[in-house]
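For reference, the structure discussed in these notes is given below.
The values are calculated or read from the model by the stated rules, or taken from the named source; none is laboratory data. Here the structure is a predicted model, which is why all the values come from computation and not from measurement. Please note: Cβ atoms are built from the backbone with ideal geometry, for glycine as well, and neighbour counts cover all protein chains shown. SASA here: full protein model, heavy atoms, side chains in, ligands and nucleic acids out. Shrake-Rupley method; radii C 1.70, N 1.55, O 1.52, S 1.80 Å.
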Amino acid sequence: MKKHKILLNLGKNLGNFLLITGLASFSFNSAAREAPQMHSKKATQIHLQADLSAPIMLSGQKDKTFIKVSLTGFKLDSKADRTPANIAIVLDRSGSMNGEKMKRAKEAALLAVDLLNKNDILSIIGYDTRVGVLVPATKVSDKKHIKSIIQRIRADGSTALFAGVSKGAGEIRKFLDKERINRIILLSDGQANQGPSSPSELGQLGAALSKEGMSVTTIGLGVGYNEDLMTQLAGYSDGNHAFVENAADLAKVFQYEFGDVLSVVAQDVMINITLSEGVKPIRLLGREGDIKGNIIKTRLNQLYSEQEKYILLEVEIPEGKAKEIKAVASVKVDYQNMRYKKREQLDNQLSVTYSAVAKEVKQAINQPVVIEATKQVVNEYRKKAVKLRDKGQRKEAGLLLSKSVNFIKEKNSTLDSKNRAELNVYSEEISNDAEDIVNTENWNKKRKSLKAREYKLEKQQKY
Amino acid sequence: MHILIAEDDPLIRQGLTDLLTQEGYQVTGAEDGKVALAQYQQHKPQLIILDIMMPELDGYSVCRAIRKNDEQIPIIFLSAKSEEIDRVIGLEMGADDYISKPFGIREVVARIRAVRRRYLASQVSTVEVSHFKLGHWMIFPNQLRAKTNDGLNSVDLSLREVCILKQLSNHPETVIHRDRLFDHCWGYDHSPNSRTLDQHIAKLRKRLEPDPKQPQWIITVHGVGYRYEP
Amino acid sequence: MKYRLPIILVLLITLPLLLLAWQSYRLLNNEKAVQQAQFTQLAKLRQQQSINIIKDYFNKHANQWQSQIPQWSLTESSLNQIIHQSPKINQLFLIGTDKQRDYPIESTQYSKSTHHFIQRMQTIWDDPERLFSNDQQYDQESQTIAPPNTKNFKRKTSNFLSSTPVKTVTKNASPSTRSGWAMWHWESSVIVIYWHQYADDKIIGIELNSSLLMADIIALLPDTDGSVEQQHYVQRLINGNGQIAYEWGDKKLNFTQQKNLHSTLLPYPLSTWQLEYFASPDQQQAFGLISLLLLGIFAILLFSMGYYLYQEYHREVHLAAQRVSFVSQVSHELKTPLTNIRLYAEMLEDSLDDEPKSQQYSQIIVNESQRLTRLINNVLSFSRKAKVHLSAINIDEEIHQTVEYFIPGFKLRHLQVNFQLNVNQPIFADSDGLDQIVNNLLSNVEKYAVKGKQVDIITEIIPVLEPNSSAYFILKIRDYGKGITQHAQKHIFKPFYRVDDHISEGVSGTGIGLSIALQQAERMGATLSLTPVDQGACFEFKLPIKDLN
């Protein structure tokens, strides 16, 4: 019951600040200090955009709003420009993979070999009860040899997933380089049953690997794997996660994954938000971050070409007088530009304007931010609903999601009609989830799908 | 007394026939088991001597066949092998005695006498022929034996010898003519060498007379016969 | 007796086999012990390699931090930065000179991870000294546990859930600063801390990211790649909870048998962890198999040899039996003509006149036929043991009759027989056997003791002397010849033995007479022995008298 109250309160709050009208305040990314030419800068730099969901606030009262810090990778000129990759494919070859799955996994791995070139580094690790480094980290020059090794993989034994990832990390480390894309692609169809196997342990590993500059993409195959473990590992290391129910889709997923990996334009993206005095941080939505005092730190492992990644920070803005302009936050981004192989910094300032006119406030509302914020807030509810469902509180979980649907609809109604399509789709998804979460039928599979979508939204994963 | 001798070796059969005839028995010979049974049926002998190894029918079978008819008749086996004897004894065929080859005449005679004695002793119906006296000997015909009065000495006698002694004893101090003795003890149809009688007398004297060279009881009457001087 | 040879053969085969089996068993055991030792040595060596990897890992980081930490600025933001950037570091803490926590800074609102960190470090906040004051020495060398003792080996479970730091480590050479590792279990995971004490007594502690620690160690340890080097053994890392953390080695091997398992504890700070080593038992089996094979081949050889010998023996026995059978057959065949010779000779003798020469000639024929009879009987009783037929016989008469046959021959040789027959009663005896005994003894007298001129034949009865003994019938046949030498006395009853001196020179004989006599005596339960006398030889036949009833 208590949770419902919180939900209602939150909804009310959100409603409140969305109803406030104000003037739009746009902030542009400032020029990178070291960039010599404007033209080339724009084409080869990360696009940083910081927005407030409500840039104009009603004067005379403190209120909450969302800061959206959005980063978009620049466009790669040609294929030749792409950053060399250092990839470890960690394949589950436990007994459960036998047959169709193994065949498809091999196909996917073979495809991966084809997608890489001689500047890339590839290692292939197979794990069952034990771990074999089938192809130690090596330049992808002798594709034939690598392929023949892939063809020879046999499925047998249990699932030493942790050790497999550890070995994968070990292989990556051999050529660990900030100027490469360092990625472990983990494929598993089963529970990790040998070695450390809790989601938190894997998450911790993911976090550490991320600090080292690696990310782990986890691909869950079939309905036997542990989606919590896989999303934690991927989440903490800022990799991708995919649920592949049908082994036949593996190749497609690999294609997407490599599309991402090979289009990385920036790595080790440090986002530093310093809130102005009086502005209080409430929470980060989606991504993990470090909130210490008025400084919020978070990190993206990489940015892909022409893909937007963002963080949403909910803050409380102190009250102000009408017409007053108040600085809200300064955003600093520090990243490794893979094109130029150097670190670059970007910064941006955010401020809010107070207005006594509610209409102004409403008009100023940044509708795309509201859409994303709504989606992320509901995503958080969805996480909670899954937790409730895991505890066996199916009805409560269903209720929470139903209320979330209402919440989305309510939010959507505040938007211009031309902007409503996205949230309509989303509300559809959530109401489906609300049905699924109450049913016992196929829950295992649905939970995986749900977790994967949840993850996708949280990380703005493209596929 | 009639004896049947079943023996496949003709010489042994002949020898035994001669020996036992001399002893005073009536003897029939048979060369194999079948003939022996036929002879047995025909002559109803009082004693049977059976060789074990015979053609046609062996001694054991003959014995069994005869025992079916007569459990009393004395049977003496002749045997060359100790195994055969073992079997005879082991099977309890109702043999009264056995004689191992090679045997001497004294052995044969002694065994036959012993068997006859036992046989006669067991025959209740047998008329007890009374004993008679000769010198200081008492002669027991059924036992074929002569005993001194004190019973210390005893001499085995043949059937013929008993017959001779009986003739002599019945007519003391009378000369018994040789022919009479022959007729009586050998039979009318028998014409033995005259020396045969003398030999018998000599043998008797050897055993009975205190001094065979100077006979006291059996006196020779030259050219006629013998006389008993009590 | 029939089975003596087979038994001997079986013994001949089984004894060496048993010996060999025992030897190879011992050899196998020795080999096992050697292999066990080799195994342990190899296991230690290979485990040491793994342990060194782990040791190096810790040493490397200790060294790294030892040089880095003094350079760290201990401000909050810089510590934040360090945590944020360093993959190895999960969390940091700083204890001030006042033993109070300086970092993470006391706050009303910790982040979730900081909150957990403060919880699990409670024991440090209570007493920072615990990091290093717990000064127990620990062996630099890891303790090894021999596989057979694995049963007895129990983890110190007390360490598992306790939140007490286990121990601290290396004291730095510098007197003012020191550093080391600390480890304890918290909930189900291991906490590994690297701590450093500054000269001003401030302590900074680094909590390692335990997942990364594990992953790093796994990455450093060998993988399972099926290279020749890794064949025939597997290793695995067991964490403090007894779970398998990592396993590598020969693909075909599994941790199945306790026998070939070797466990070693890891060095501090992972001293509650174990390294297990398991080797393939292949080689041992191979050796066992080879020795078994050799044993089998040897056994087959022995058996075939034994079988051959047994066959040979059988052939010999069969041949011997054929010979014996032939001899007895011939002897039997001799009996019929012999019967006739004797029968007719005796009848002839009876019908002859008292003409002395003719009497003598026929007597000779009779005697010689009797001698031939005795010889044949001896041969036959030697080739076949006749059964004993005991019956009550007039023993004096029986003996007298037998002796009687010899008298004519003795007379020719001027040998006088003195009878002293004192048993006037029937005795249970085998008459054929007794006959043969007397025959053989008198034959010997005839052959060897004619010069003595006399032979005494004595029978008597020894009455019951003691309550539990029986009366005896005694027959003594004594001559006055040269006698038998001491040496020969031992052997005269043995078959085919002939006294080899001037007495027996030129005298024919088969050498089986006495042995047959002894045999016959024994078969009817009597004894036959040589009794000492002043002159000549005296044989005594002693038969226990059975009650006729």
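So which of C:Tyr25, C:Tyr57 ends up being open to solvent by 70 Å² or more (accessible area, probe 1.4 Å) and not charged (D, E, K, R)?
Details: C:Tyr57 fails: open to solvent by 70 Å² or more (accessible area, probe 1.4 Å).
Criteria check complete, one pass: C:Tyr25.
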Exercise. How many residues, within segment A:317-359, are part of a loop (DSSP other than H, G, I, E, B) and not aliphatic (A, V, I, L, M)?
Worked result: 9
Seminar exercise, completed: Scanning segment A:192-206 for residues that are in a helix (DSSP H, G or I) and surrounded by fewer than 24 Cβ atoms within 10 Å (Cβ to Cβ), the one farthest from the other protein chains (Cβ to nearest Cβ) turns out to be A:Pro199
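From the list C:Ser351, C:Ser362, C:Ser358, which one is more than 23 Å from C:Thr510 (Cα to Cα) and either out of contact with any helix residue (DSSP H, G or I) (no Cβ under 7 Å at 6 or more places or on another chain) or of a type in the set (Lys, Arg) (or both)? Even if it seems obvious, please write down each step before you answer.
Working: C:Ser351 fails: either out of contact with any helix residue (DSSP H, G or I) (no Cβ under 7 Å at 6 or more places or on another chain) or of a type in the set (Lys, Arg) (or both); C:Ser362 fails: either out of contact with any helix residue (DSSP H, G or I) (no Cβ under 7 Å at 6 or more places or on another chain) or of a type in the set (Lys, Arg) (or both).
On inspection, the qualifying residue turns out to be C:Ser358.
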Problem set entry | Inter-residue pairs, beta-carbon under 7 Å, first in a helix (DSSP H, G or I) and in segment C:464-490, second surrounded by 12 or more Cβ atoms within 10 Å (Cβ to Cβ), 6+ apart | C:Ala488/C:Val499; C:Gln489/C:Leu530
Problem set entry | Positions within segment C:190-212 being open to solvent by 10 Å² or more (accessible area, probe 1.4 Å) and within 9 Å of another protein chain (Cβ to nearest Cβ), in sequence order | C:Ser210
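For segment A:227-299, which fully contained strands (runs of 3 or more DSSP E) count at least 1 residues that are within 14 Å of chain C (Cβ to nearest Cβ) and in contact with a Pro (Cβ under 7 Å, 6 or more places away or on another chain)? Outline the logic, then answer.
On the way: elements: A:241-244, A:264-275, A:280-285, A:290-292.
In segment A:227-299, the matching strands (runs of 3 or more DSSP E) lie at A:290-292.
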For this session: Run C:Arg371 past the list (1) facing chain B (nearest Cβ under 9 Å); (2) under 22 Å from B:Leu11 (Cβ atoms) and report the number of the one that doesn't hold.
Result: (1)
For this session: Pairs only if they're at least six apart or on different chains, beta carbon under 6 angstrom, first in segment C:87-99 and within 14 Å of chain A (Cβ to nearest Cβ), second charged (D, E, K, R) and open to solvent by less than 20 Å² (accessible area, probe 1.4 Å); list them, first residue then second.
Result: C:Asn90/C:Glu207; C:Gln91/C:Glu207
For this session: State whether the residues of segment C:301-322 include one that is of a type outside the set (Phe, Trp, Tyr), in contact (Cβ under 8 Å) with a residue 24 or more places away in the chain, in contact with a Ser or Thr (Cβ under 9 Å, 6 or more places away or on another chain) and more than 30 Å from C:Gln23 (Cβ to Cβ).
Result: no
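Return yes or no: is C:Ile69 closer than 22 Å to C:Arg178 by Cα, away from chain A (no Cβ under 12 Å), β-branched (Val, Ile, Thr) and in a helix (DSSP H, G or I)?
yes
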Exercise. Restricting attention to segment C:324-346, which residues are surrounded by fewer than 18 Cβ atoms within 10 Å (Cβ to Cβ), without any contact (Cβ under 8 Å) to a residue 40 or more places away in the chain and over 19 Å from B:Ser79 (Cβ atoms)?
Worked result: C:Phe326
For this session: State all residues of segment B:13-48 that are within 14 Å of another protein chain (Cβ to nearest Cβ), in contact (Cβ under 8 Å) with a residue 60 or more places away in the chain and either open to solvent by 40 Å² or more (accessible area, probe 1.4 Å) or out of contact with any Lys or Arg (no Cβ under 7 Å at 6 or more places or on another chain) (or both); if no residue qualifies, say none.
Result: B:Leu16, B:Leu19, B:Leu20, B:Gln22
For this session: List every residue pair whose Cβ atoms lie under 7 Å apart, where the two residues are 6 or more positions apart in sequence or sit on different chains, the first residue falls within segment B:104-120 and is farther than 27 Å from C:Leu338 by Cβ, and the second residue, located anywhere, is open to solvent by 40 Å² or more (accessible area, probe 1.4 Å) and part of a helix (DSSP H, G or I).
Result: B:Arg117/B:Gln143
Exercise. Which number in (1) open to solvent by 20 Å² or more (accessible area, probe 1.4 Å); (2) within 60 Å of the chain's Cα centre (by Cα) marks the one condition that C:Asn378 misses?
Worked result: (1)
For this session: Please give the number of the condition A:Lys403 fails out of (1) in contact with a His (Cβ under 9 Å, 6 or more places away or on another chain); (2) open to solvent by less than 20 Å² (accessible area, probe 1.4 Å).
Result: (2)
Seminar exercise, completed: Considering residues that are surrounded by fewer than 23 Cβ atoms within 10 Å (Cβ to Cβ) and under 16 Å from A:Gln460 (Cβ atoms), the number found within segment A:353-372 is 3
For this session: Check A:Thr129, A:Thr217, A:Thr138 and return the single one that is in a strand (DSSP E or B) and either surrounded by fewer than 21 Cβ atoms within 10 Å (Cβ to Cβ) or at the interface with another protein chain (Cβ under 7 Å from one of its Cβ atoms) (or both).
Result: A:Thr138
For this session: Answer with yes or no whether C:Val403 is away from chain B (no Cβ under 13 Å) and among the β-branched types (Val, Ile, Thr).
Result: yes
Seminar exercise, completed: Residue hits (segment C:520-532; open to solvent by 50 Å² or more (accessible area, probe 1.4 Å) and either in a loop (DSSP other than H, G, I, E, B) or at pLDDT below 85 (or both)) are C:Pro532
Exercise. Right, C:Ser113: surrounded by 13 or more Cβ atoms within 10 Å (Cβ to Cβ), of a type outside the set (A, V, I, L, M), assigned to a helix (DSSP H, G or I) and within 14 Å of another protein chain (Cβ to nearest Cβ) or not?
Worked result: yes
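From the residues in segment C:419-456 that are within 24 Å of B:Asp97 (Cα to Cα) and of a type in the set (A, V, I, L, M, F, W, C), which one is surrounded by the most Cβ atoms within 10 Å (Cβ to Cβ)?
Just the residues of segment C:419-456 that are within 24 Å of B:Asp97 (Cα to Cα), to begin with: C:424-439.
Now narrow it down to the ones that are of a type in the set (A, V, I, L, M, F, W, C): C:427-429, C:434, C:437-438.
On the way: C:Ile427: 22, C:Phe428: 18, C:Ala429: 26, C:Leu434: 24, C:Ile437: 29, C:Val438: 23.
So, considering only residues that are within 24 Å of B:Asp97 (Cα to Cα) and of a type in the set (A, V, I, L, M, F, W, C), the one surrounded by the most Cβ atoms within 10 Å (Cβ to Cβ) is C:Ile437.
Among the residues of segment C:318-362, write down those that are among the polar types (S, T, N, Q) and at the interface with chain B (Cβ under 7 Å from one of its Cβ atoms).
Correct list: C:Thr336, C:Thr339, C:Asn340, C:Ser351.
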